[in-house]
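The values are calculated or read from the model by the stated rules, or taken from the named source; none is laboratory data. This is a predicted model, so every value here is computed, not measured. Here the Cβ positions follow ideal geometry from the backbone for every residue, glycine too, while neighbour counts run over all protein chains shown.
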Amino acid sequence: MTARSGRLVSHESLFVVVLAIACGSEGPTSAGPGPVFQSLAFHIEPNSFIVAPGDKVRLRAVSDSGVDVSVLWRLADSASGSITDRGLFSICFSGGSYEVVALLKADTTKIARVTPALRLTIPLSIQAIRNVSSHDAVALDSVADSVAVEVNLDPKGLACRRIEKVSLQAIAGDGLVTELAGVTYQTTPGDSFTEHLSWNSHQLPNAAYALRVTAFLDRYGPVESSETNITVRNR
C-alpha cells in the first residue's frame, strides 16, 4: 500500500485506474488499413479493348492492389458517346476523341485514362441489282433498262446519328458523279432494313461506272458504301 495526500491507495487499485483511462481514450487507434483512396495509384479496366458504335462496355476504376475505387467518369469529347456513373460506356458514330477519363473522387487531380481501339464499319451496302420487271439479278457487265438496287442499312451501327437521306450514285471514269435515285426520311427505322432504289440505265451513256450508296447523317454529313463496278450497255 502507498500513502499519498493522507490517503491509502493499493497497488491493485492504481493498476485498475490506469487501465480504465487507457481503455476509455478517444485518441487515434490503429484500425487496419485506411480507405483505398489513400493509395492514389489506380487505372481503368479493361485497359485495352475494341468497341464499335452501339456497343456497350462496362469500365472499372481499380487501385493497383486490385480494389475498386470511386471515380467520376468523363469523356474527353462529350459528343463522342456516353458513360454512366457506373462506367457503362457507349460510343457514337461521330469521329473525334473517344478517350475515357476517370477522376478519383477523393482527389480529382488524380486521373486515369483509356482510349479504345475503334471498329468502324459502314453499315451500308449494296446487296443486289435486279431487273425491275423480272426481279432477276442483273449481269453487272451489261446493265440495261430499269433496275432496282437493294441497299441494306443498319441504323444501330450509326449510333447517335439519324439517316436523313440515302442516295444512289454512279461515278464515271472521269470522276463525274450522277445521282440516280434517292429517298428522304422523316423518321429512320431503328432496325436493319432494305431500301429499293430504282433507276433506268438510259440515264447514263454506255460506259463503265462505279455504283455506290451515300447516306447523309444528321450532325455528321455523308457516309459512303463500298463501290460496285457495273457497265451500262443500252441497246
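With respect to S226, determine if the residue is buried (at least 16 other Cβ atoms within 10 Å of the Cβ), among the polar types (S, T, N, Q) and touching a residue at least 24 places away in the same chain (Cβ under 8 Å). So that I can check it myself, show each step before the final result.
Values: buried (at least 16 other Cβ atoms within 10 Å of the Cβ): no; among the polar types (S, T, N, Q): yes; touching a residue at least 24 places away in the same chain (Cβ under 8 Å): yes.
Answer is no for this residue.
Those residues that are in a loop (DSSP other than H, G, I, E, B) and hydrophobic (A, V, I, L, M, F, W, C), I need them from region 95-124; list them, please. Don't jump to the end; show me each part of the working.
First, pick out the residues of region 95-124 that are in a loop (DSSP other than H, G, I, E, B): 95-99, 105-110, 115-116, 119-123.
Matches in region 95-124: A106, L120, I122.
Find the residue count for region 160-180, including only residues that are under 22 Å from Y220 (Cα atoms) and surrounded by 19 or more Cβ atoms within 10 Å (Cβ to Cβ).
Selection size over region 160-180: 7.
Looking at region 48-70 only, could you name the residues that are part of a loop (DSSP other than H, G, I, E, B) and either exposed (fewer than 12 other Cβ atoms within 10 Å of the Cβ) or not polar (S, T, N, Q) (or both)?
Within region 48-70, the subset part of a loop (DSSP other than H, G, I, E, B) is 48-49, 52-55, 59, 64-67, 69-70.
Passing the criteria: S48, F49, A52, P53, G54, D55, L59, D64, S65, G66, V67, V69.
Check L75 against each of (1) surrounded by 14 or more Cβ atoms within 10 Å (Cβ to Cβ); (2) in contact with a Lys or Arg (Cβ under 8 Å, 6 or more places away or on another chain); (3) free of Cβ contacts under 8 Å to residues at least 60 places away in the same chain and name the one condition it does not meet.
Condition not satisfied by L75: (2).
Yes or no: I126 within 30 Å of Q169 (Cα to Cα), surrounded by 18 or more Cβ atoms within 10 Å (Cβ to Cβ) and in contact with a strand residue (DSSP E or B) (Cβ under 6 Å, 6 or more places away or on another chain)?
Working: within 30 Å of Q169 (Cα to Cα): yes; surrounded by 18 or more Cβ atoms within 10 Å (Cβ to Cβ): yes; in contact with a strand residue (DSSP E or B) (Cβ under 6 Å, 6 or more places away or on another chain): yes.
Criteria met by I126.
Yes/no per residue for (1) modelled with pLDDT under 95; (2) among the polar types (S, T, N, Q); (3) in contact with a His (Cβ under 6 Å, 6 or more places away or on another chain):
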position	(1), (2), (3)
R7	yes, no, no
V17	yes, no, no
P28	yes, no, no
A41	yes, no, no
A52	yes, no, no
D85	no, no, no
S97	yes, yes, no
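Do you know which of the residues in region 104-121 that are hydrophobic (A, V, I, L, M, F, W, C) and surrounded by fewer than 16 Cβ atoms within 10 Å (Cβ to Cβ) is modelled with the highest pLDDT? Can you show your working first?
If we filter region 104-121 for residues that are hydrophobic (A, V, I, L, M, F, W, C), which is where we start, we get 104, 106, 111-112, 114, 117-118, 120.
Filter once more, keeping what is surrounded by fewer than 16 Cβ atoms within 10 Å (Cβ to Cβ): 106, 111, 117-118, 120.
Values: A106: 93, I111: 96, A117: 93, L118: 91, L120: 87.
Result: I111.
Could you grab me the full set of residues in region 64-106 that are touching a helix residue (DSSP H, G or I) at 6+ places or on another chain (Cβ under 7 Å) and farther than 30 Å from P222 by Cβ? Talk me through it step by step, then tell me what you get.
Applying the first criterion (touching a helix residue (DSSP H, G or I) at 6+ places or on another chain (Cβ under 7 Å)) to region 64-106 yields 67, 69, 91-94, 96-98, 104, 106.
The answer is V67, V69, L104, A106.
With the structure loaded, tell me whether D154 is among the acidic types (D, E), modelled with pLDDT under 95 and surrounded by 14 or more Cβ atoms within 10 Å (Cβ to Cβ) or whether it fails that test. Before you say what the answer is, go through the steps one by one.
Numbers: among the acidic types (D, E): yes; modelled with pLDDT under 95: yes; surrounded by 14 or more Cβ atoms within 10 Å (Cβ to Cβ): yes.
Yes; evaluated as a whole, the condition is true for this residue.
Out of the residues in region 129-140 that are in contact with a Lys or Arg (Cβ under 8 Å, 6 or more places away or on another chain) and assigned to a loop (DSSP other than H, G, I, E, B), which is surrounded by the fewest Cβ atoms within 10 Å (Cβ to Cβ)?
We begin by selecting, within region 129-140, every residue in contact with a Lys or Arg (Cβ under 8 Å, 6 or more places away or on another chain); these are 136-138.
Pick out the ones that are also assigned to a loop (DSSP other than H, G, I, E, B) and you get 136, 138.
On the way: D136: 8, V138: 20.
Selected residue: D136.
Among the residues of region 172-219, what is the count of those that are out of contact with any strand residue (DSSP E or B) (no Cβ under 8 Å at 6 or more places or on another chain) and among the charged types (D, E, K, R)?
Residues in region 172-219 being out of contact with any strand residue (DSSP E or B) (no Cβ under 8 Å at 6 or more places or on another chain) and among the charged types (D, E, K, R): 3 in total.
Which residues, counting only those in region 181-209, are in contact (Cβ under 8 Å) with a residue 40 or more places away in the chain and surrounded by 16 or more Cβ atoms within 10 Å (Cβ to Cβ)?
Listed by number, the residues that qualify are E195, L197, W199, S201.
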